[in-house]
Amino acid sequence: MSDNGTHGSGGSSEEPRSEVWKTAVTMLQEAKPPFLPEGASGMTIAVEWPPGDPGTPPHRHSGPAFGYVLEGAVRFELEGEPERIVRAGETFWEPGGDVIHYQDGNALPDARTRFVVTMLCAPGQPMLTLVEDEELARRAHLRAPRPPRTGA
């Protein structure tokens, strides 16, 4: 019985390979995260906020986080940076550690917002820790001025 090359033998009769892979990738974001210690872990989560939802209360992540907005618009604010709107098809990232993440809520009053985040977690640390009101007051001088609220 002869091998006709259709069973992965690597022969020349295999189907031609696609060349699409050469142009299929679009760089969405590139960032240099801080050093990750041995034993760090990672997770990818999907988040969905209903219309107008403010999102997670002020918090911090133990490691860097990289996000991509699938649908809608995220009201995004990190300590020391002005509040901004990240729309569907756009990315965001944060370094984690001591930086407070003030906002990640839905900037749209009439539609849901969905995004995906890949987070890296420091060993033995929780991925997300809420920040107490007393600490927010002590660090208020580090928060960028906030713009007036308008729709996205």
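The values are calculated or read from the model by the stated rules, or taken from the named source; none is laboratory data. Because the structure is a prediction, the values reported are computed rather than measured. Cβ coordinates were reconstructed from backbone atoms using ideal geometry, including for glycine residues, and neighbour counts include every protein chain displayed. When the accessible area is computed, the model is the full protein with side chains, heavy atoms only, and any ligands, DNA or RNA have been set aside. Shrake-Rupley method; radii C 1.70, N 1.55, O 1.52, S 1.80 Å.
From the list PRO109, PRO64, PRO95, PRO82, the one residue that fits, being more than 26 Å from MET27 (Cα to Cα), out of contact with any Cys (no Cβ under 9 Å at 6 or more places or on another chain) and touching a residue at least 24 places away in the same chain (Cβ under 8 Å), is PRO109.
Is it fair to say GLU94 is closer than 20 Å to PRO147 by Cβ and modelled with pLDDT under 95? Considered against the rule, which asks whether it is closer than 20 Å to PRO147 by Cβ and modelled with pLDDT under 95, GLU94 comes out as yes.
Output yes when any residue across segment 36-55 is open to solvent by 60 Å² or more (accessible area, probe 1.4 Å), modelled with pLDDT under 85, under 27 Å from LEU136 (Cα atoms) and not small (Gly, Ala, Ser), and no when none is. Checked against the condition, which is being open to solvent by 60 Å² or more (accessible area, probe 1.4 Å), modelled with pLDDT under 85, under 27 Å from LEU136 (Cα atoms) and not small (Gly, Ala, Ser), segment 36-55 yields at least one hit. GLU77 satisfies every condition listed in (1) within 15 Å of the chain's Cα centre (by Cα); (2) at pLDDT below 95 except (2). Screening the candidates LEU70, LEU128, LEU108 for the property of being touching a strand residue (DSSP E or B) at 6+ places or on another chain (Cβ under 8 Å) and either surrounded by 18 or more Cβ atoms within 10 Å (Cβ to Cβ) or among the hydroxyl-bearing types (Ser, Thr, Tyr) (or both) yields one hit, LEU108. For segment 118-142, filtered to residues that are at pLDDT 95 or above and either among the charged types (D, E, K, R) or under 16 Å from the mean Cα position of the chain (by Cα) (or both), the residue that is nearest to GLU81 (Cα to Cα) is ARG139. Pick from ARG114, ARG139, ARG143: which is touching an Asp or Glu at 6+ places or on another chain (Cβ under 9 Å), open to solvent by 70 Å² or more (accessible area, probe 1.4 Å) and within 13 Å of PRO58 (Cβ to Cβ)? None of the other options fit; the residue is ARG143.
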